[in-house]
Amino acid sequence: MLDAINIERVAFTIPIGDGFPVYWYGIIITIGIAIGAFWASREIERRKQNVDELYNGLIIVVFAGYLFARLAYVLLDVIAGRGALYASIWDVFNIRAGGVNILGGFIGAALIGIWYIRWRRLNVWHYADVAGPALLIAQGIGRWGNFINQELYGPPTELPWGVHIDAAYRLYQYADINTYPLETRFHPTFLYESLWLLLGFGLLVWLNNRYRDQWRPGTLFGAFLIWWGSGRTWIEFFRPDQPTIGNSFITYSMVAAFLIAVAGVLVIMARYGKLPMPDRRVKRRRKIKPKPRRNENG
């Protein structure tokens, strides 16, 4: 069973000051990023691009991604009416306190990544192509950190693969032990998303290996956006922790994920010239020289 082993959140403590705890979540995320970066570096070499530029950009993009992910999480909390949790600027930027939104992080990281690539005058589509699958494998592995933290779970379920959640980590709507006893099982949303991401990584790597020489640069990135965005749209049905728009079942993250999938379709269409583009050609008006007026008197 998924919840047969109860693992402490803190892996070990570094003896600095009062002790600096290192969490399993951070370790697992780091492993995921390292594996994704390794694959991306191998693939960028095959595309005859600069590996050093990839790693330099990766450092900037990862830090930017976490910053934007935190800001997006705080923004959604404020929208949900939990703004009182952030009494100081430290509360807003304290990532170690928990709470990031991967979609917000991706959008922020993408903007910074595009800036870096243009600044360094690199081929944006080749680097985007390797970034997509790398993100899938990194996040797919990182989701198991949510399992250790007993977070990213869905509504109650009687399915055999449901997970138990300790009372201390229950969402407020499931905190009543009388209504939801300790033996209640919940949808393992982290597992659903992890499987979808890992499957997507495998599929995109296979497609890339087979069609690398036929596909235009940017096609793989578009396919990544479609796979990731559509999967996250579906996953949002199992995310009771996400604020919804009004009284609907639609969450803000669901809308963002859907738009990411649509963007993937547009990227592929644009790379193959299938988008209707406005005609920017300026029609030159023929200048007609005015005829000289006849002198009626002469």
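Could you give the longest part of the chain that holds none of the GluC sites (Glu not before Pro) found in DSSP loops with at most 10 neighbouring Cβ atoms within 10 Å? Longest stretch, sites excluded: 9-157. Within region 230-246, what residues put their amide N at less than 20 Å from the label point 7 Å along the Cα-to-Cβ vector of Leu75? Label zone hits: 230, 232-233, 236, 241-246.
Only Cα pairs within less than 10 Å get springs; with that Gaussian network setup on the chain, which residue of Leu191, Leu204, Leu122 has the largest fluctuation? Between Leu191, Leu204, Leu122, it is Leu122 that shows the largest mean-square fluctuation. Given their separation in residues at 0.36 nm each and the Cα-Cα distance between them, Asp166 and Val10 gain 54.5 nm when the chain is fully extended. What angle, in degrees between 0 and 90 and rounded to the nearest 10, separates the Cα long axis of helix 124-149 from the longest principal axis of the Cα atoms of the chain? Helix 124-149 sits at roughly 20 degrees to that axis.
Look at the dipole of the chain built from charges on Cβ: of Gly108, Ile141, Trp215, the Cα furthest out on the positive end belongs to Trp215. Computed from Cα atoms, the angle from the helix 24-46 axis to the main principal axis of the chain rounds to 30 degrees. Between Phe249 and Gln214, the modelled labels are 3.9 nm apart [label points 7 Å from Cα along Cα→Cβ].
Local charge sum around Ile102 (other residues, Cβ-Cβ under 10 Å, Lys/Arg +1, Asp/Glu -1)?
On the way: positive: Arg143, Arg232; negative: Glu193.
Overall, the nearby charge balance is +1.
Working from Cα pairs under 8 Å separated by at least six residues, relative contact order for the chain is 18 percent. For Thr157, nonlocal amide neighbours, meaning residues 5 or more places apart or on other chains whose placed amide H falls under 5 Å from its own, are Arg185, Phe186, His187. Taken one residue at a time, the phi angles of region 152-165 give Karplus couplings (6.51, -1.76, 1.60, θ = phi - 60°) of 6, 10, x, x, x, 8, 9, 5, x, 8, x, 10, 7, 10 Hz. Gly and Pro are set to x.
This model, with +1 at the C-beta of Lys and Arg and -1 at the C-beta of Asp and Glu, gives region 1-68 a dipole about its Cα centre of some 280 debye. Estimated from helices alone, the mean residue ellipticity of the chain at 222 nm is -18500 deg cm²/dmol (sum of -39500 (n - 2.57) over DSSP H runs with n ≥ 4, per residue). Summing charges over all other residues whose Cβ lies under 15 Å from the Cβ of Trp196, with Lys and Arg as +1 and Asp and Glu as -1, gives +1.
Local charge for Gly218 was computed over the other residues whose Cβ lies under 11 Å away, with Lys and Arg +1 and Asp and Glu -1, and equals +1.
Take the chain, connect every pair of alpha-carbon atoms lying under 10 Å apart with a spring to form a Gaussian network, then pick out the residue of Asp77, Asp52, Asp129 with the largest mean-square fluctuation. With Cα springs under 10 Å in the chain, the top fluctuation among Asp77, Asp52, Asp129 is at Asp52. Amide H contacts for Tyr23 (H built 1.01 Å from N in the peptide plane; partners 5 or more residues away or on another chain; cut-off under 5 Å): Ala11. Springs join every pair of Cα atoms under 10 Å in this Gaussian network model of the chain, and among Asp166, Asp18, Asp91 the largest mean-square fluctuation is at Asp18. Looking only at region 194-229, which residues have a backbone nitrogen under 18 Å from a spot 7 Å from the Cα of Ile114 in the C-beta direction? Hits in region 194-229 for Ile114 at 18 Å: 217-226, 229. Exposure proxy ranking for Phe238, Phe190, Phe38, based on other Cβ atoms within 10 angstrom of each Cβ and starting from the fewest, stands as Phe38, Phe238, Phe190.
No value in this document is a laboratory result; all are computed from the given coordinates. Just so we're clear, the structure is a prediction, and the values are computed from it rather than from any experiment. Positions of Cβ are generated from backbone atoms using ideal geometry, with glycine treated the same way; all protein chains shown enter the neighbour counts.
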